[in-house]
1. Can you give me the distance in nm between label points at residue 94 and residue 55, each placed 7 Å from the Cα along the Cα-to-Cβ direction?
2. Add +1 for every Lys or Arg and -1 for every Asp or Glu among the other residues with Cβ under 11 Å from the Cβ of residue 176, and state the total.
3. Nearest 0.05, what FRET efficiency do residue 82 and residue 190 give at R0 = 51 Å with Cβ-Cβ as r?
4. Hey, can you grab everything whose amide H is under 5 Å from the amide H of residue 198? Only 5+ residues off in sequence or another chain; H modelled, so Pro and N-termini drop out.
Amino acid sequence: MKISSRFSLGLLVGVLAAAPLITLATAAGASSQTPYQTGAANSGTPNSSMVVKNSSGAVTSYGNGAITYTVPSPALATLGQSLYLENCASCHGVNANGVPADGTSGAFPNLVGLGSATIDFWIESGRMPAANPRSVQADRRTPRLTHDQAVAIAAWINSLDPSYPAIPTPHLAGANVADGAALFALNCAACHTIEGDGDALAQGTYAPSLRNIPAFQVVEAIRTGPGNMPRFTGNLSDYQVRDIVAYVTEYLQHPRNPGGLGLGGLGPVAEGFVGLLIGVGLLALIGYWVGERQ
Ligand code: HEC
Ligand code: HEC
């Protein structure tokens, strides 16, 4: 056997043996289903398949098997107002319209008309009450108010001008993490990086790291678009949001290294590719060695 034919035999064996690895690598990236595209319906609005109303006809919760959105009880509004006056009114004003006591209109964001998910997100992520009212972007911090207090404040602000989305609870059990990975790469990685570590954006702002963010807050961020982040509504269904959230909280935050090697958490695609390189190389060598012996 000539060197060249031995080499091509080796290459052929290598490529054949590597085929399953290529399939593995693409399976992780490709989205096998896109049946969730549902327009404005079923996207954090009460157009969803499940809408629960109380005896006076007010919506109390809505959603579907992927995410339930709960409207804070109006009975909490009185408590919420006093918590608001104590913790928020110095900046956002006693009427929550962004006008503080000195009367400077537009000094702070107007909160009237924001959904309870927005209010809850900014409080429960520790961004509010703001540590530094002059910073370009409020940072995530240890929350100063409890979940119950955040819900009560949201109930009061919602009573001024009822709006959506309400506070989400994702049901991650049926999530498709592979679809979530593909959707994350498409919709989120440009700003947060493919590893979810975050990155600098324009004008001194940044897309934060997505490590250790509770699942419901990932839904809140996607559905409300805090700061410079776009708000994803009709373009992502609740099922797709659930898949993304599962990927962020179950995979990005706790990488399982399915490739068997850590590789700095490059993910199954990169690890599959490394497997391919090593596999082809090794098998080419074996092919060469088999040819040598004939
Ligand atoms: C010290 C001043 C200050 C206090 C107190 C404060 N905020 Fe803010 N708030 C701000 C500033 C400044 C921003 C804009 C920050 C940014 O864009 O990152 C903001 C932004 C927000 C936003 C986002 C608005 C939007 O349109 O995106 C919400 C919601 C909010 N605050 C709610 C609250 C609530 C609720 C409280 C009380 C628990 C509170 N804030 C207390 C200064 C304050
Ligand atoms: C255009 C850039 C951009 C895109 C695209 C984007 N984000 Fe964001 N994201 C941001 C910025 C900026 C913030 C911080 C907002 C702030 O604090 O003012 C943020 C905040 C978040 C937070 C809150 C993190 C924290 O520290 O509390 C989560 C969770 C999040 N994004 C998830 C996502 C997901 C999931 C997607 C894709 C569906 C996505 N983002 C797409 C820019 C982006």
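1. 3.5
2. Details: positive: 242; negative: 179, 243.
With Lys, Arg at +1 and Asp, Glu at -1, the net is -1.
3. 0.75
4. When sequence neighbours closer than 5 places are left aside, the close amide H contacts are 193, 210.
Every read-out reported here was derived from the displayed coordinates using simple, explicitly stated rules and does not represent laboratory data. Source: prediction; values computed, not measured. Heads up, the Cβs are rebuilt from the backbone with ideal geometry, glycines too, and the neighbour counts pull from every protein chain shown.
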